[in-house]
Structure formats: structure tokens, C-alpha cells
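The values are calculated or read from the model by the stated rules, or taken from the named source; none is laboratory data. Computed from a predicted model, the values in this text were never measured in an experiment. Reconstructed Cβ throughout: ideal geometry from the backbone, glycine too, with neighbour counts over all protein chains shown. Protein only, heavy atoms only, side chains kept; ligands, DNA and RNA dropped before computing areas. Shrake-Rupley method; radii C 1.70, N 1.55, O 1.52, S 1.80 Å.
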Amino acid sequence: MADLRRQQHSLDVLRRLRWPVPGRLGVHPWGDERSGVLGPGVEYADAREYQFGEDSRLIDWNLTARSDSAFVRLSHPDRGIDVWLLVDVSPSLDWGTANCLKKDLAVEFADAAALLLTRYGNRVGAIVFDSTVRRIVSPTPGRHGRHSVVATLRAAVSDPGAGGTDLELALRTARRLVRRPSLLIVISDFLLDAAGWRREMRAVAERHEVVAVRVVDPRELEIPDIGVVTFEDPETGRQVEVDTSSRRLRERFRAAAAEQRARFTGEVREARGIPIEISTGRELVQQLVVILRAEQARQRRLRSAR
């Protein structure tokens with residue numbers, strides 16, 4: 001009963017949130033996001049002189065009253081957008097020491113993002129990958145689109161493949177596949193050896209808006225004093241024995257984790273993406289509230305600076 005109440009509370013909170021879509025990406029009719037096209041709408045864009053035969057309802061009467069000619073108000077009509085979730089299901093996410101495994105948090109985040117975004121006439125699709133592209137789900141609107149994406153992700157994480165993570169391949173696939181300007185949300189732990197993903201993400205960001213979501217576990221940021229333990233790389237199987245009672249080792253680990261976090265943030269911003277971090281150590285909905293409010297504030301600052 002307590003779990004049901006907690007789930008209902010989480011849904012109630014999510015219903016009050018809205019994902020702040022950066023940029024004017026709307027292309028589909030009957031949506032509720034900003035678009036870059038001109039037409040009847042609420043968001044003012046520009047004005048021009050009235051031309052014979054145009055709908056008189058488009059006339060800007062306030063501007064016309066102050067001028068010698070009639071003027072038409074140009075606006076950005078609301079439209080729907082395509083949202084692509086690029087979700088990493090590699091073995092490195094099959095681990096966690098807090099509330100859940102990283103792979104479960106990745107799926108939960110994808111579900112929450114799809115719920116928030118499909119409420120406004122948007123379509124959601126997915127590219128599921130590890131060392132290869134495992135599955136592609138075409139963008140679909142509404143509840144059906146969300147359920148299709150989540151069902152595909154749950155099937156993928158329950159049947160993990162072998163090998164590492166090829167984010168560069170996933171981004172290259174998205175660049176080839178996604179033709180219309182879209183919102184791309186990359187969900188991964190970003191434990192990557194190859195550096196080519198940064199170049200590919202920058203190329204994708206030239207046409208699309210990219211959000212990079214890093215999934216972490218508290219023990220990846222700091223290790224406690226629990227004696228001698230054996231760590232294993234889930235993607236290579238390589239093991240190393242570590243004495244966590246060493247204070248110097250714990251401090252070096254904490255410093256390396258902080259450097260890795262700063263590097264992720266810097267590399268994503270350099271690639272013109274928006275970096276986000278979520279942790280298995282906290283409830284996702286609480287993290288989403290903080291993340292989305294911070295992003296809304298960031299977008300307001302950008303608009304006021306223009």
C-alpha cells in the first residue's frame with residue numbers, strides 16, 4: 001500500500017511538471033511547443049504591412065492605429081516536436097548500490113521524460129544501444145508512443161548484450177535517421193573509452209537540441225571504508241582488488257570522480273549539449289523537479305540576454 005501511495009504521489013508531481021524544450025522545434029500540427037515557422041499563434045514574432053486579400057483577423061490594430069498603413073501581426077504558432085531517447089543498455093549500467101540499478105533508473109527516467117513530453121502533442125521514439133544499435137522505435141504520439149518505448153527498453157535491459165558502449169555509433173545513427181529538428185535525450189553512464197562521441201554529438205547539435213543525462217551511483221563518486229574489496233569491470237570482466245581502508249586511496253578516488261564529473265560537463269557543453277546528472281541514491285521525481293526548474297531558469301536567462 002505504501003508503494004502504491006508513493007507511486008501515485010510521484011505521478012501527481014509529474015503531472016504538474018513540464019519539460020522545458022529549448023529552441024523552437026515544433027513542426028507537427030496540434031502540438032503545444034514553440035515553433036520556428038510563422039503563422040497564427042500567441043508568441044509574437046514580427047509585423048509587416050497588410051496585403052490585399054489577407055484575413056483581416058490577422059491585423060494588428062494597435063500598430064495600425066499608430067501608422068498610416070494596416071499591419072499584420074506575425075506569430076510563432078504552437079506545434080508538436082519529435083523526441084528521440086538514445087538509451088544506453090550496456091553491461092556497465094547493470095550495477096547499483098543504492099535504491100536501484102543504474103539500468104532501472106535509466107528506464108525510469110526515459111519513462112518520466114516520455115510522460116512529460118507526450119502530453120503536449122509531441123511524438124517520442126528511441127534508439128537503444130550498447131556496442132551496437134539494438135533497436136530503433138519510430139516516434140509515435142501519446143500514450144501508445146510512451147508505452148512502446150518503455151516496453152522496448154525493459155526488454156533490452158532484461159537481455160543485456162556483451163561488450164562495451166558505442167555512443168558514437170548511436171549518435172551517428174541518429175544524425176542519419178532524424179531528419180527534422182528534434183529533441184534528442186541521451187541517457188548513459190558515459191563510462192566511455194573512445195572520444196569520437198564528442199565530435200558526433202557536436203555534429204548532431206548543429207541541427208537538433210541535445211540533452212545528455214549521466215546516470216551515476218553514489219559508490220562511483222565516493223567509496224566507504226569497508227576493507228579489502230574486489231571491483232570488476234562489467235563490460236570487460238577485468239578485476240582489481242582494492243584496500244578501501246586506505247584514506248589516501250579514498251581521497252584519490254573522490255578526486256578522480258570529481259574530475260570525471262567535471263570532464264563530462266565540460267565535454268557535453270563543448271559539444272553544444274545540455275548536461276544533466278541523475279543518481280540511484282535519490283528518488284527520481286525529486287531530482288526531476290530540481291533539474292527542470294534549473295533548466296527553466298537557464299532558458300529564462302538566455303532569453304533575457306538576447
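In table form, for the structure just shown:
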{"item": "Environment charge at residue 179 (Cβ cut-off 11 Å; Lys +1, Arg +1, Asp -1, Glu -1)", "result": "+3"}
{"item": "Förster-model FRET efficiency, 35 Å R0, residue 255 and residue 143, C-beta, rounded to 0.05", "result": "0.15"}
{"item": "Cα-centre dipole for segment 163-306 with unit charges at Cβ (Lys and Arg positive, Asp and Glu negative), debye to 20", "result": "1240 debye"}
{"item": "Centre separation in Å (Cα based) which lies between segment 154-204 and segment 249-297", "result": "18 Å"}
{"item": "Approximate spin-label separation residue 195-residue 304, in nm, with each point projected 7 Å along Cα-to-Cβ", "result": "3.8 nm"}
{"item": "Most positive-pole-ward Cα, 226, 242, 302, against dipole of segment 210-306 from beta carbon charges", "result": "302"}
{"item": "Segment 284-301 - phi-based ³J(HN,Hα) in whole Hz, Karplus 6.51/-1.76/1.60, Gly and Pro as x", "result": "5, 4, 4, 5, 4, 4, 5, 5, 6, 5, 5, 5, 4, 5, 5, 5, 5, 5"}
{"item": "Coil-residue GluC sites (Glu not before Pro) of segment 146-222, DSSP, other Cβ within 10 Å capped at 12", "result": "206, 222"}
{"item": "Carbon and sulfur %, accessible surface of segment 209-283 computed with the full protein complex present, 1.4 Å", "result": "45 percent"}
{"item": "Antiparallel bridge percentage (DSSP; both residues within segment 160-240; nearest 5)", "result": "25 percent"}
{"item": "Unit charges at the beta carbon, dipole of segment 172-306: most positive-side option, 279, 289, 257", "result": "289"}
{"item": "Rounded accessible area of residue 148 (nearest 10 Å², 1.4 Å probe)", "result": "40 Å²"}
{"item": "Segment 238-306, accessible area per residue, ligands and nucleic acids excluded (1.4 Å, Å²)", "result": "69 Å²"}
